[in-house]
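Structure record follows, encoded as structure tokens.
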Amino acid sequence: MKKYTRTGAAVAALAGVSLLVAACASPADAGDAAAPASDSAGHEHSDGRVAVAFEGGVAVLDAETLEVIEEFETEEFIRLNPFGDGRTVAVTTSEGFQLLDTATPQLTDFVFPATAPGHVVPHEGRTALYDDGTGTTTILDTDAFADGYDVQPETSTYVADDAHHGVSIVLEDGLLLTTVGDETSRSGAVALHPHDDHWHDEATSDQCPGIHGEGTAQDEAVVFGCESGALLFVDEEFVKLDSPDEFGRVGNMFVSETSPIAVGDYKNDPDAEGYLLDAVTLIDTAARTLDVVELPDEVRYTFRDIARGPGDLAYILSADGQIHVLDPESGELTAAYPVVAPWESPAQWQEAHPAIKVHGDIAYVTEPAADAVHAVDLTSGDVIATVTLGHTPNEIALAIG
């Protein structure tokens, strides 16, 4: 493969930029039965479950065999977010974050109320829930439900000055990183330390228009996407990395905590139709650089189609039906594994289209056109298990210890 790379050279440390920041359901009956799962012998999976959303419900699958354990009725459209404890999935509904216990399994009655539930970010033993409708971050221990879902856990909250589509993460030392914006725009992020009844402003940046998503790379380097590049939080300061294009949007991060390089999606045409993307960003959090890698014509993907896996490699589930393996160190594609039939861009991002999630050596891939979910051994490219559901799969989340 011939690789075309564009490099964004501008790197600006932005410590000290000032911003005004505030100091601050019942389980349903199972749905239609699914067809039996097929499994090839000789491959090991981790114990755990896979949650798959479909229109009006969610299915819980065995992570090894993909057998459907149980199905629950929900609202028509839901999103799925791993809570971080290897068991719980936060299901976003019109009422808030409803907790799915994948082990029992049961769709519990426990709901964190939210007017517009958004991102759920577990990290270093704490999980942050973000309510886009109020700008409220709710923070609690990731293992808060180890003894069940019938006791209200201890939480702390931070409320932004203005509500916006945002995200928060709590670092190992308790520092809260959270986005800044309002109902019309988003501009950057702020780092806050908790102090008794208020939050102390440690660092801010307003150099990340359209800030979206986050990821934590090696040495707890946090990366946010911007419409003009990426915003790092490293060594207790914000650092802006500029895209090589006037409009160069990075919206989602795909990271490994054992690699300094974050892989981001990339869009440089704000008027482009559809949701398929044709380039990725490689953001080196140690060197503080951002490179854009243009992909071959056959490799196209959406925000649901990149994951990190064995060897800290990136795995791109492309519209040509293959998983393409990307080496973040070199920017080269090194292998391709056929998994699903070729597919086209969704008309709206919420519509069902193929997605990939990875745990260990195993990738879990949805194929909406076939109402199927596949397990793929990323060390060989073999499809080692498949289940055909009685529904069209949409989002997928892993709850694997």
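The values are calculated or read from the model by the stated rules, or taken from the named source; none is laboratory data. Predicted model, so just to flag it, every value in this text is computed and none were measured. Methodologically, a virtual Cβ is constructed for each residue, glycine included, from the backbone with ideal geometry; neighbour enumeration extends over all protein chains shown. These accessible areas exclude ligands, DNA and RNA; they are computed on the full protein's heavy atoms, side chains included. Shrake-Rupley method; radii C 1.70, N 1.55, O 1.52, S 1.80 Å.
For the reader, a short list of remarks on this structure follows.
- For the range 299-319, a tally of residues being within 13 Å of Tyr337 (Cα to Cα) and surrounded by fewer than 19 Cβ atoms within 10 Å (Cβ to Cβ) returns 0.
- Residue-level analysis places Gly360 outside the set of residues that are surrounded by fewer than 21 Cβ atoms within 10 Å (Cβ to Cβ), within 27 Å of Asp62 (Cβ to Cβ) and at pLDDT below 95.
- Residue match in the range 49-62 (condition: assigned to a loop (DSSP other than H, G, I, E, B) and within 25 Å of Thr216 (Cβ to Cβ)): no
- Residues in the range 182-199 include none that are closer than 19 Å to His119 by Cβ, of a type in the set (Gly, Ala, Ser), surrounded by fewer than 23 Cβ atoms within 10 Å (Cβ to Cβ) and at pLDDT below 95.
- All strands (runs of 3 or more DSSP E) inside the range 297-364 with 1 or more residues being polar (S, T, N, Q): 322-327, 332-338
- Residue in the range 216-228 that is part of a strand (DSSP E or B) and surrounded by fewer than 18 Cβ atoms within 10 Å (Cβ to Cβ) present: no
- Condition met for Asp206 (more than 22 Å from Trp349 (Cα to Cα) and open to solvent by 10 Å² or more (accessible area, probe 1.4 Å)): yes
- Restricting attention to the range 145-170 and to residues that are part of a loop (DSSP other than H, G, I, E, B) and in contact with a Lys or Arg (Cβ under 9 Å, 6 or more places away or on another chain), the residue that is farthest from Pro105 (Cα to Cα) turns out to be His164.
- Scanning the range 281-298 for residues that are more than 27 Å from Val239 (Cβ to Cβ) and open to solvent by 50 Å² or more (accessible area, probe 1.4 Å) yields Asp297, Glu298.
- Residues of the range 89-111 satisfying the condition of being farther than 19 Å from Val358 by Cβ and open to solvent by less than 10 Å² (accessible area, probe 1.4 Å): Ala90, Val91, Gly96, Phe97, Leu99, Leu100, Asp101, Leu107, Thr108
- Residues that are of a type in the set (D, E, K, R), open to solvent by 20 Å² or more (accessible area, probe 1.4 Å) and within 16 Å of Asp291 (Cβ to Cβ), drawn from the range 242-269: Asp242, Asp245, Arg249, Lys267
- Residues within the range 365-377 that are under 17 Å from Ala51 (Cβ atoms) and either outside any strand (DSSP E or B) or in contact with a strand residue (DSSP E or B) (Cβ under 6 Å, 6 or more places away or on another chain) (or both), tallied: 8
- When residues in the range 171-180 are screened for being part of a strand (DSSP E or B) and either on the phi > 0 side of the Ramachandran plot or open to solvent by less than 10 Å² (accessible area, probe 1.4 Å) (or both), 4 of them pass.
- Unmet requirement for Pro153, which otherwise passes all of (1) open to solvent by 80 Å² or more (accessible area, probe 1.4 Å); (2) at pLDDT 95 or above: (1)
- Condition met for Val239 (open to solvent by less than 10 Å² (accessible area, probe 1.4 Å), in a strand (DSSP E or B) and among the aliphatic types (A, V, I, L, M)): yes
- For the range 322-342, the criterion of being open to solvent by less than 30 Å² (accessible area, probe 1.4 Å) and under 16 Å from Thr392 (Cα atoms) is satisfied by at least one residue.
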